[in-house]
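Data block below; observations after.
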Number of protein chains: 2
Amino acid sequence: MEQLPNMRLTTQRQIILEELGKVTSHPTANEVYDMVRKRLPRIGLGTVYRNLELMADSGIILKLEVGGTQKRFDATVAPHYHVRCTFCGKVDDIDIEVQNKINQIAETASDYMILGHHIEFSGMCPRCSEEKKATSLH
Amino acid sequence: MEQLPNMRLTTQRQIILEELGKVTSHPTANEVYDMVRKRLPRIGLGTVYRNLELMADSGIILKLEVGGTQKRFDATVAPHYHVRCTFCGKVDDIDIEVQNKINQIAETASDYMILGHHIEFSGMCPRCSEEKKATSLH
DNA sequence: TTGGTAAATGGGATATTGTTTCATTTAATA
DNA sequence: TATTAAATGAAACAATATCCCATTTACCAA
């Protein structure tokens, strides 16, 4: 596992990273906890939070603070955008070109030092679209 | 106050909206609660949350679910972007042109029905820049 | 202008999400 | 393999948000 100096390679960390890598669903900390607990039933929720934060800080994974109240995590660290279903809260990737130039534009328009950006689309996922169609039929 | 049918014009609602309109700082629900309590000391926190959500749902105000764990609210409903200071959490407006065309691009690239988007820049606010400069001097 | 009525409130309980503490365990390494 | 600091598990705690329900209040019809 890629890591920072003084960061030990524990079983817990390995398995958290492995499980996160298996899914594309941008799980919350609690969802990761559930996934990991199937393999390490005695792991603590604190350990999961601690490690997700640590790995996000060191750039091994991505922390998403998107719509909804919960943080979500993503094993794909390359810059990319997301879409969030307004109805069920599901988060998926949006595979379009990253708009690097808007950082410059934003920097000019503000007194912040701009370090990056994230685009979050909102929409309706296929599943919710289906359900809505079904409901409106009667 | 602009409102939905069956939505009563209560003192609490008016004052919440007035206080939110006074600031450009995108306050959290708790910050709004503090502001409003100066004029209505007996208002409940639940009332503040309830009304902010209600007003956001009806489009009177904007609910921001940006970085950080808390929801933030904005009296300006016209589409615009935000920047969040990675160091202190402050949120400000970024006054650049809204990229309407990327909704189409995103819709083509996914199986969601795209309804909108929001861009959140991350950066360092002037205040934190100053502080960092001061710290690194000795 | 009042009286009826459903919406809204206050305040506390509860739920949800995330963080901290500390005694114990464990990975790294000398 | 003994040492030691980092990491863990478990539970307490903190922060944020929602719910419940008896009481109050805005609105409307007469």
So, in region B:19-34, how many residues would count as being more than 22 Å from residue B:81 (Cα to Cα) and either in contact (Cβ under 8 Å) with a residue 60 or more places away in the chain or away from DNA strand C (no atom under 13 Å from the Cβ) (or both)?
1
Only one of (1) out of contact with any helix residue (DSSP H, G or I) (no Cβ under 7 Å at 6 or more places or on another chain); (2) more than 14 Å from DNA strand D (Cβ to nearest atom); (3) more than 18 Å from residue B:66 (Cβ to Cβ); (4) not assigned by TED's automatic domain parsing to the domain that holds residue A:118 fails for residue A:61. Which number is that?
(1)
If you go through region A:83-104 one residue at a time, do you hit one that is among the charged types (D, E, K, R), within 16 Å of DNA strand D (Cβ to nearest atom), touching a residue at least 24 places away in the same chain (Cβ under 8 Å) and not assigned by TED's automatic domain parsing to the domain that holds residue A:11?
yes
Filter pass, residue A:43 being away from chain B (no Cβ under 14 Å), in a loop (DSSP other than H, G, I, E, B), on the phi < 0 side of the Ramachandran plot and surrounded by 14 or more Cβ atoms within 10 Å (Cβ to Cβ):
yes
Can you pull out every residue in region B:65-82 that is without any contact (Cβ under 8 Å) to a residue 12 or more places away in the chain and more than 8 Å from chain A (Cβ to nearest Cβ)?
B:78
Pick from region B:104-130, criterion under 27 Å from residue B:71 (Cβ atoms) and more than 7 Å from every other protein chain (Cβ to nearest Cβ), ranking: modelled with the highest pLDDT:
B:107
Taking only region B:65-82 into account, find how many residues are more than 16 Å from DNA strand D (Cβ to nearest atom), surrounded by fewer than 17 Cβ atoms within 10 Å (Cβ to Cβ) and more than 9 Å from the chain's Cα centre (by Cα).
4
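Just one of B:62, B:54 is touching a strand residue (DSSP E or B) at 6+ places or on another chain (Cβ under 6 Å) and either in contact (Cβ under 8 Å) with a residue 40 or more places away in the chain or surrounded by 15 or more Cβ atoms within 10 Å (Cβ to Cβ) (or both); which is it?
Every option except B:62 fails the conditions.
The values are calculated or read from the model by the stated rules, or taken from the named source; none is laboratory data. All figures in this text were calculated on a predicted structure; none of them were measured in a lab. Cβ atoms come from the backbone with ideal geometry, glycine included; neighbour counts cover every protein chain shown.
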